[in-house]
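Working notes for the structure below.
The values are calculated or read from the model by the stated rules, or taken from the named source; none is laboratory data. None of these values were measured; they are calculated from a predicted model. Neighbour counts are summed over all protein chains in view; Cβ atoms, including those assigned to glycine, are modelled from backbone coordinates with ideal geometry. Heads up: the accessible areas ignore ligands, DNA and RNA and are worked out on the full protein's heavy atoms, side chains in. Shrake-Rupley method; radii C 1.70, N 1.55, O 1.52, S 1.80 Å.
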Amino acid sequence: MHIIINNSSMVPIYEQIMGQIKAAILDGSLLTDAMLPSVRSLSKELKISALTVKKAYDNLEEQGVVVTVHGKGTFVAAVGGQLRREEETQKIERALEQVIMQAKGLGLGKNELSELFVMLLDDIM
Amino acid sequence: MRGLMVKDICLMKGQAKFMLLVLAITVFLSYNTDGTFAASYLVMIASFLGISTISYDESDNGYGFLFCLPVSRSQYVAAKYLFNLLLSVAAWIAGIGVTVIIWLVHPGESGLTELLITNLFFLPVIFLIQSLMQPTMFQYGSERGRIVLFVMIGVIVAVCYLVGKLCELTGIDLSSWMESLSQYSVGVILLVFILLSAVILLISVPISVKIIRKKEF
Amino acid sequence: MLKMNQLRKNYPDFSLECNMEVHPGCITGLIGKNGAGKTTTFKAALDLIHLDGGSVEFDGKNVKHLTGKDKEKIGVVLSDSGFSGYLTVKDIAVILKRMYSDFDKEKFMARCNRQQLPSDKKIKEFSTGMKAKLKILIALSHDTRLLILDEPTAGLDVMAREEILGVLREYMEEKEDRAILISSHIATDLENLCDDLYMIDNGRIVLHEETNVLLDEYGVIKADDTQYEKLDKKYLLRRKREEFGWRCLTDHKCFYQENYPGLIVEKGSIDEVIMMMIGGERL
């Protein structure tokens, strides 16, 4: 995994780092229990202040994405699946929104749509 | 402190050629002069060389960095005293060596023992020079210090002269007092001088330390 | 690790008053123009001058009472002072061996070689860049916990500067609780290296901020007179009259980005922040 920082972006650097780490977990290039580079070595690689990296790591830990073991390092928490699930759930939510908008446009009422949905659910699941 | 002395030795390395030249001149000049020339000349040169280590330290704001190294002010002073003493004593011994060798090759009027004893009196002189020179150099730096030193020596000579004149005027008989001293053996007189001058030297050390401590870099 | 409490030093035409702290694991930068008080601050930290008030502590001990062993743990680069120019690198290696108990002579000579520093030439004949590199190698030649560096990259070209910064980052990587106090004119160096920055002007600290906050949250607003009138001045720190209107410094650039669409809000570079903090009108 290689993180690239855009210095001219308005997005704070620590947020860029967080975003890229999460993306790496999502696409599988960072696996669960993988060790992230140490704060000092990442700050050396990116040529930024160590506190910025620490802020990113601390925030990720708060969100439950990583776990820091004192004296050992920072590790990817078993959230790969969770992150993927969140992402996929969001996709489903968006798809459902679209369907509802379409139904609305057609003039379908809430009850009709609900009945349709429950019927299909019973068939498939 | 060892580091400081090594530093001064490294700086002296550059003067090696000069020192050899001085030695050669001394040998040449002392061939026909009395037996005290070699030692006194070499000790004087050694004192000047000693002063130059202070000017090396001063140059280019060197003191600032020097005291960032793991040395205390008092260690610095101790190292300077030690280095200067060793240099002067080495010069003194070399001077005696030259005198003895020349005497063996070309004996003069005085006997060897007499020659040696006269030269021994230089040791307290070394101590006195150092006890005057070090605090002056530390206080005024090497440039102004040299001038101050000459002025001090001038004042001492003048005072001695005045005291002599005073004695003449008031009728105090110095020469008979000096003669009465000669009843003591030379060894005792020598010892007294050495001890006195050593005490003065030791007193000058804390004075030097105090001077250096007060300085800002 | 290094703490300056109510430091005060008075000179006839200048006085210094500051509070500063360097924490273990941090690289702290000190930035200011010539004569602002950077070197005086360093000299106070190194017990080279007497203080008119306050104290400096290294690991809780007053720097006036540091022993030789304590001083071995501090590596120093001073901008205007160093070993005598009449010494050679070889001489210095011999001297350092007698001064520092953990000085590694082979390693030192090897590093000097790598930096192409001749070992038998008197250092007064070195170029500015070579002298600067040597000073840093000397400071790094023994195991230290704190580096105090006064303009270590002065006189170095961009490549050499990058190299030095890299060396300093490696230094911090080797041991977690090390710290560096570094001063410079060159803001970009400090931007990419330091964790927090102190800005000093006229003997006073005008700003102390973490670098990431400076880069992420500080911003420069460029507004014409009309726009300026409408601005909520709450988060503006400084302002400066310009041809086009007003240039303002804020430490909450998102507030202005969110509430004033169309307003020009730029990321604040360290240089700009300094210029505004020192040269701008206080609000």
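Here the protein assembly as shown carries DSSP beta bridges of which approximately 70% are antiparallel, counting only pairs with both residues inside.
Where only DSSP H runs of four or more residues are counted, chain C gives -10000 deg cm²/dmol as its mean residue ellipticity at 222 nm, each run worth -39500 (n - 2.57).
The local environment of C:GLU151, defined by Cβ-Cβ distances under 14 Å, has a net charge of +4 under the rule Lys, Arg +1 and Asp, Glu -1.
How would you classify region C:41-104 from its alpha-carbon gyration tensor, with a ≥ b ≥ c the square roots of the eigenvalues: rounded for a/c under 1.5, else prolate if a/b is greater than b/c, otherwise oblate? Oblate shape, in that a/c is at least 1.5 and b/c is the bigger or equal ratio. Once the C-beta distance of C:THR67 and A:VAL118 is scaled by a Förster radius of 60 Å, the resulting FRET efficiency is 0.15 to the nearest 0.05. If you average the C-alpha positions of region A:46-91 and of region C:77-146 separately, how far apart do those two centres end up, in angstrom? Here the answer is 43 Å between Cα centres. Across region B:80-92, computed HN-Hα scalar couplings (Karplus, 6.51 cos²θ - 1.76 cosθ + 1.60, θ = phi - 60°) run 5, 4, 4, 4, 5, 4, 4, 4, 5, 5, 4, 4, 4 Hz from first to last residue, x flagging Gly and Pro.
Taking Cα atoms only, the orientation of helix C:158-174 departs from the longest principal axis of chain C by about 80 degrees. For chain B, excluding the exposed loop sites themselves (GluC sites (Glu not before Pro), DSSP loop, at most 16 other Cβ atoms within 10 Å), the longest remaining stretch covers B:1-108.
Distances between placed amide hydrogens fall under 5 Å for C:ASP201 paired with C:VAL206, all partners being 5 or more residues away or on another chain. Between the Cα long axis of helix C:105-114 and the first principal axis of chain C there is an angle of about 60°, rounded to the nearest 10. A simple rule links phi to the HN-Hα coupling: the Karplus curve 6.51 cos²θ - 1.76 cosθ + 1.60 with θ = phi - 60°, which for region A:36-51 gives 6, x, 5, 3, 5, 6, 5, 5, 5, 5, 8, 6, 9, 5, 5, 5 Hz, with x for Gly and Pro. In region B:65-90, the residues whose accessible area drops by at least 10 square angstrom when the other protein chains are added to the isolated chain are B:PHE65, B:PHE67, B:CYS68, B:LEU69, B:PRO70, B:VAL71, B:ARG73; the probe is 1.4 Å and only protein heavy atoms count. Counting alpha carbon pairs within less than 8 Å and at least 6 residues apart, what relative contact order, in whole percent, applies to region C:220-259? Reported relative contact order: 46 percent. For chain B, the relative contact order is 28 percent, taking Cα pairs closer than 8 Å that sit 6 or more residues apart in sequence and dividing their mean separation by the residue count.
Take the alpha carbon gyration tensor of chain B, find the square roots of its eigenvalues, order them as a ≥ b ≥ c, and report rounded if a/c is under 1.5; if not, report prolate when a/b exceeds b/c, else oblate. It comes out oblate by the Cα gyration axes. Taking A:HIS70, C:HIS50, A:HIS2 and ordering them by how much accessible surface each has at a 1.4 Å probe, largest first, produces A:HIS70, A:HIS2, C:HIS50. For region C:101-172, trypsin sites (Lys or Arg not before Pro) are listed when DSSP marks them as loop and at most 16 other Cβ atoms sit within 10 Å of their Cβ; the list is C:LYS121. Accessible area per residue for the protein assembly as shown is 52 Å², calculated with a 1.4 Å probe on protein heavy atoms, without ligands, DNA or RNA. Normalised by the number of residues in chain A, the mean separation of alpha-carbon contacts (under 8 Å, six or more apart) gives a relative contact order of 21 percent. Note on region C:95-160: Lys pairs 8 or more places apart or on different chains, Cα atoms under 20 Å apart, count 24.
Between B:TYR140, B:TYR41, B:TYR161, the residue with the greatest mean-square fluctuation in the GNM of chain B (Cα pairs under 10 Å linked by springs) is B:TYR161. Whole angstrom only: what separates the Cα centroid of region B:123-159 from the Cα centroid of region C:165-235? Centre-to-centre distance over Cα atoms comes out at 53 Å. Of the trypsin sites (Lys or Arg not before Pro) in region A:3-76, the ones in a loop by DSSP (not H, G, I, E or B) with at most 13 other beta carbons within 10 Å are A:LYS72.
Could you order C:ILE49, B:ILE25 so the one with the most accessible surface comes first? Probe is 1.4 Å.
Most to least solvent-accessible, the answer reads B:ILE25, C:ILE49.
In loop segments of region C:163-194 as defined by DSSP, the GluC sites (Glu not before Pro) with at most 12 further C-beta atoms inside 10 Å of their C-beta are C:GLU176. Classify region C:15-65 as rounded, prolate or oblate, taking a ≥ b ≥ c as the square roots of the eigenvalues of its Cα gyration tensor: rounded when a/c is under 1.5, otherwise prolate if a/b is larger than b/c and oblate if not. Taking the square roots of the gyration eigenvalues as a ≥ b ≥ c, region C:15-65 is oblate.
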